[in-house]
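The values are calculated or read from the model by the stated rules, or taken from the named source; none is laboratory data. In this text, all values refer to a predicted model and were calculated from it rather than measured experimentally. No Cβ is skipped: glycine too gets one built from the backbone with ideal geometry, and neighbour counts run over all protein chains shown.
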Amino acid sequence: MTSVTRDVFGNLPDGKTVEKFFLESDFVKAEIITFGGIITRLETKDRHGKFTDIVLGFDSLEGYLNKHPYFGAVVGRVANRIANGKFSIDGQEYQLPINNGPNSIHGGLKGFDKVLWKPKEIENGVQLSYRSADGEEGYPGELDVWVTYTLVGSELTINYKARTSKTTPINLTNHSYLNLAGQGSENIYDHEISIDAEHYLPVNDTMIPTGEVAPVQGTSFDLQKPVDLGSQIAKLDGNGFDHNFCLNMTDKKHYCSRVYHKPSGRVLTVCTTQPGVQFYTANFLDGSLKGKGGAIYPKHSAFCLETQAWPDAVNKPQFPNALLHPGEEYDQTTQFNFSVE
């Protein structure tokens, strides 16, 4: 059985209370707060049975209220980038806030990572709910959202559900920054990764997919077999990975990725119902943020596996659909399984 306890994490400037929920099994300990639905701690065992916190973040609420790169948060209404912050539905054009170069990213100026969610304690976890108003951050439709975290044994599951009053784009994910050596470790170069994807999406100079669905074979994006991250990042022309990998086209849960950290023995296996995963190697961390325990977070000190719809899908009809219509239910699940070797 998983132990679920709750406590106060802090108070927002308006006086509202931010709660934290502890989920604890024999294998994993997770802490989730109601501000942003953020995973603030995630402890797993190494091969010697020692627990270590493997997600980047802050010790107090203040860190999460200041500008930070979405550490551990629920991201929405649309995760990733929308070109020029524009899209059209049924002939009507919508303009979103521009907050990433010329584009809109991760839901806008006040996305789901910056709102207070309503918690409900459930068996083995917590369910968070939020009502996004029609027109919030420029998006159409009143959107009711439920994000459920459950921990059973060595598996942390995140389920996302949503319903809308008007047709709207939706793409929800969790933006945890992971380092299997432990948060505060210098880099992820000693991690081994594989991603079950035969194709990836090339991007332009503002990180928007060009529209091409390119085969990974023969490129540095071929992660179908395990590769060492240090040598693989070194092969890339740019800063590192920040690309969508195209997963199996099925609504059923499927294998996505495996990460192995040989020194500690920690293994992370990810399965999802989503059609894509944004693999990001923390290229924009620069050591300026002071995290938990005074840790400094430099470039490449973590990785993200953001299971989601393909970026800018609302503007690219050839991509898998990312629109939710009234009467439909958005329902996506991602599972993180932790083990040791």
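Look at segment 235-255: where a residue is on the phi > 0 side of the Ramachandran plot and a partner is at pLDDT 95 or above and surrounded by fewer than 17 Cβ atoms within 10 Å (Cβ to Cβ), sitting 6+ places away or on another chain with Cβ atoms under 9 Å, you get Gly240/Asn283; Gly240/Lys299. Residue pairs whose Cβ atoms lie under 9 Å apart, sitting 6 or more positions apart in sequence or on different chains, and linking a residue in segment 320-341 that is within 16 Å of Val270 (Cβ to Cβ) to a partner that is surrounded by fewer than 19 Cβ atoms within 10 Å (Cβ to Cβ) and small (Gly, Ala, Ser), are Asn337/Gly153; Asn337/Ser154; Phe338/Ser154; Ser339/Ser154; Ser339/Gly265. Restricting attention to segment 144-175 and to residues that are in contact with a Leu (Cβ under 7 Å, 6 or more places away or on another chain) and either assigned to a loop (DSSP other than H, G, I, E, B) or modelled with pLDDT under 95 (or both), the residue that is farthest from Gly293 (Cα to Cα) turns out to be Thr167.
Pairing each residue of segment 3-29 that is over 11 Å from Gly125 (Cα atoms) and without any contact (Cβ under 8 Å) to a residue 40 or more places away in the chain with any residue that is surrounded by 12 or more Cβ atoms within 10 Å (Cβ to Cβ) and acidic (Asp, Glu), provided the two are 6+ apart or on different chains, yields C-beta distances under 9 Å for Asp7/Glu19; Val8/Glu19; Lys20/Glu31; Lys29/Glu43; Lys29/Asp53. For Phe221, the conditions (1) part of a loop (DSSP other than H, G, I, E, B); (2) modelled with pLDDT of 95 or more; (3) surrounded by fewer than 23 Cβ atoms within 10 Å (Cβ to Cβ); (4) at negative phi all hold with the exception of (3). Contact map, segment 91-108: first residue without any contact (Cβ under 8 Å) to a residue 40 or more places away in the chain, second residue in a loop (DSSP other than H, G, I, E, B) and loosely packed, with under 15 Cβ neighbours inside 10 Å, Cβ cut-off under 6 Å, separation 6 or more or different chains; pairs are Asn99/Leu109.
Output yes when any residue across segment 202-212 is assigned to a strand (DSSP E or B) and surrounded by fewer than 17 Cβ atoms within 10 Å (Cβ to Cβ), and no when none is. No, that holds for no residue. Looking across segment 87-114 at every residue that is out of contact with any helix residue (DSSP H, G or I) (no Cβ under 9 Å at 6 or more places or on another chain) and assigned to a loop (DSSP other than H, G, I, E, B), the one that is surrounded by the fewest Cβ atoms within 10 Å (Cβ to Cβ) is identified as Gly91.
In segment 279-299, is there at least one residue being without any contact (Cβ under 8 Å) to a residue 60 or more places away in the chain, assigned to a loop (DSSP other than H, G, I, E, B), touching a Phe, Trp or Tyr at 6+ places or on another chain (Cβ under 7 Å) and under 27 Å from Arg41 (Cβ atoms)? Checked against the condition, which is being without any contact (Cβ under 8 Å) to a residue 60 or more places away in the chain, assigned to a loop (DSSP other than H, G, I, E, B), touching a Phe, Trp or Tyr at 6+ places or on another chain (Cβ under 7 Å) and under 27 Å from Arg41 (Cβ atoms), segment 279-299 yields at least one hit. For the criterion of being in contact with a Phe, Trp or Tyr (Cβ under 8 Å, 6 or more places away or on another chain) and either at pLDDT below 95 or outside any loop (DSSP other than H, G, I, E, B) (or both), Lys120 fails.
With the structure loaded, tell me whether Gly240 is touching a helix residue (DSSP H, G or I) at 6+ places or on another chain (Cβ under 7 Å) and in a loop (DSSP other than H, G, I, E, B) or whether it fails that test.
Criteria met by Gly240.
One residue stands out in segment 281-297 among those that are over 23 Å from Asp228 (Cβ atoms), surrounded by 14 or more Cβ atoms within 10 Å (Cβ to Cβ) and among the small types (Gly, Ala, Ser): the one that is nearest to the chain's Cα centre (by Cα), namely Gly291. Exactly one residue among Val55, Val28, Val78 is at pLDDT 95 or above and farther than 20 Å from Asn179 by Cα, and that residue is Val78. Condition first: surrounded by fewer than 17 Cβ atoms within 10 Å (Cβ to Cβ) and out of contact with any Phe, Trp or Tyr (no Cβ under 6 Å at 6 or more places or on another chain). Can you find one or more residues in segment 172-184 that meet it? No, the conditions are met nowhere in segment 172-184.
Considering (1) at pLDDT below 95; (2) more than 29 Å from Ser88 (Cβ to Cβ); (3) not hydrophobic (A, V, I, L, M, F, W, C), the lone condition that Arg258 does not fulfil carries the number (1).
Table: residues versus (1) over 24 Å from Glu142 (Cα atoms); (2) surrounded by 18 or more Cβ atoms within 10 Å (Cβ to Cβ); (3) over 18 Å from the mean Cα position of the chain (by Cα); (4) in contact (Cβ under 8 Å) with a residue 40 or more places away in the chain.
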position	(1), (2), (3), (4)
Gly265	yes, no, yes, yes
Cys271	yes, yes, no, yes
Pro275	yes, yes, no, yes
Ala309	no, yes, no, yes
Asp312	no, yes, no, yes
Gln318	yes, no, yes, yes
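For segment 54-86, a residue qualifies if it is within 27 Å of Ile188 (Cα to Cα) and assigned to a strand (DSSP E or B), and the qualifying residues are Val55, Val74, Val75, Arg81.
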